[in-house]
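Bear in mind that the values in this text are calculations on the coordinates, not laboratory data. The structure presented is a predicted model; accordingly, all values stated were derived computationally and were not measured. Every residue, glycine as well, gets a Cβ built from its backbone with ideal geometry; the counts of neighbours run over all protein chains shown.
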Amino acid sequence: MAGTPQSVESIEAEARAALAAADDLPALVEARARFLGRKGSLSAILRTLGSLEPQARVTLGEAVNGARDRIEALAAERRISLEARRVEADLARGRLDVTLPGAPSLRGRLHPVTRAERDIEAFFSTLGFSVEEGPEVELERYNFDALEIPADHPARDAHDTFYVRPGVVLRTHTSPVQIRTMSGRQPPLRFIAPGRVYRHDASPRHSPMFSQVEGFLVDEGASFADLKGVLYAFARHVMGSDVKLRFRASFFPFTEPSAELDFSCVLCEQRGCATCSRTGWIEWGGCGMIHPRVLENCGIDPERWQGFAFGMGMERAAMMRHNIPQIRLLYEPDVRFLEQV
Ligand code: DAH
């Protein structure tokens with residue numbers, strides 16, 4: 001273009017065509033700059049004014065100014081109509097059909113294990129048990145020693161303990177709450193202590209974190225028969241009146257005698273399924289008469305008072321109640337699964 005500047009008329013005609021052809025706002029901005037901008041073609045003409053005769057300078061200057069004003073006005077007009085078009089397009093795209101049924105809002109619910117826990121607490125309160133809590137980061141002294149599980153005791157291996165630092169563990173069971181609760185109190189005592197516990201083994205059947213409910217009663221003449229009565233009532237409440245229980249003689253350092261407790265698999269009605277490993281029975285937890293030395297550790301006279309205790313898996317109860325075959329499902333944040341429960 002250098003040397004032969006275009007006429008103002010032809011620039012204006014070109015500008016009109018370009019603005020009319022600009023199809024969206026970015027194209028419009030670009031077209032406007034091409035003619036009106038500092039490096040645009042009208043500015044190029046203005047730069048030649050200095051070399052003209054005064055009269056010619058005035059004539060050309062006025063022509064350029066007139067053309068600039070008209071192009072500017074045209075660009076503004078074009079902008080308004082392009083913006084209006086965009087609004088219409090937006091409206092058309094998001095068109096609202098008010099006759100469509102509303103989207104159902106998702107309802108939050110309590111987690112099955114939380115529900116089982118609350119239900120268990122309500123049940124035990126009808127038997128006069130209060131709820132106690134203990135810390136999940138626990139002293140080894142409470143988690144093991146005061147329960148007569150000394151440092152070299154093989155029972156510690158079975159627990160696959162997570163150590164936080166020497167002397168401090170993630171509690172491997174809820175039994176330390178027995179110690180915390182009984183120390184400094186005198187019988188009669190009746191408590192449950194639900195909560196999370198941690199062990200180092202993970203498989204479809206086990207999770208590194210799971211929940212237990214500890215229960216214990218200390219009173220004059222408390223017996224194993226009382227323990228059985230309470231556990232039968234508990235099991236029937238959670239799993240229905242048809243559930244069967246099986247007590248197997250066992251060993252825990254903090255109870256004597258001790259038993260492990262199984263319940264009949266409610267999922268297959270004991271026909272045998274993957275959840276009960278085709279045995280018809282599912283392990284629920286341990287129980288027994290509180291060892292006299294544990295009572296002594298808590299300042300309770302075992303000559304006068306007797307106690308029973310149990311520690312049951314809470315997920316197991318929730319699984320039976322809601323027909324959930326694997327504990328893993330309870331702790332995977334899969335909303336599709338949780339919604340079914
Ligand atoms: N704490 C034991 C465990 O987690 C279970 C247990 C056994 C709890 C006997 C008790 C009990 O209260 O008396 O393996």
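For the chain, excluding the exposed loop sites themselves (GluC sites (Glu not before Pro), DSSP loop, at most 10 other Cβ atoms within 10 Å), the longest remaining stretch covers 1-219. Considering segment 11-98 at the alpha-carbon level, its Rg and Dmax are found to be 17.8, 70 Å. Rounded to the nearest 0.05, the FRET efficiency derived from the C-beta distance between L106 and F162 at R0 = 45 Å is 0.80.
Contact order, relative form, for the chain: 14 percent (alpha carbon pairs under 8 Å, 6 or more residues apart, mean separation divided by residue count).
Rounding to the nearest 20 debye, state how big the charge dipole of segment 141-187 is about its Cα centre with +1 on each Lys and Arg Cβ and -1 on each Asp and Glu Cβ.
For segment 141-187, the charge dipole is close to 300 debye.
Highest mobility in the GNM of the chain, judged by mean-square fluctuation with C-alpha springs under 10 Å and restricted to R246, R271, R95, is found for R95.
With a 10 Å cut-off between alpha carbons and a GNM built on the chain, which of S277, S41, S130 moves the most? Its mean-square fluctuation being the largest, the pick is S41.
Potential lengthening of the chain between S223 and A21 amounts to 63.1 nm, from the contour at 0.36 nm per residue minus the alpha-carbon distance. Annotation note: trypsin sites (Lys or Arg not before Pro) in segment 105-179 located in DSSP loop regions with a Cβ neighbour count of at most 15 within 10 Å are R107, R109. Both radii are taken from the alpha-carbon atoms of the chain; with Rh as the Kirkwood radius, Rg/Rh is 1.54.
Considering every alpha-carbon pair of segment 199-341, the percent of pairs per 10 Å bin, from zero through the bin containing the longest distance, is 11, 36, 32, 15, 5, 0. Legend: P(r) of segment 55-176 from all alpha carbon pair distances, 10 Å bins from 0, whole percents, reading 9, 16, 13, 10, 6, 8, 10, 9, 8, 7, 3, 0. Radius of gyration over Kirkwood radius for segment 88-130, both on Cα atoms: the Rg/Rh ratio is 1.56.
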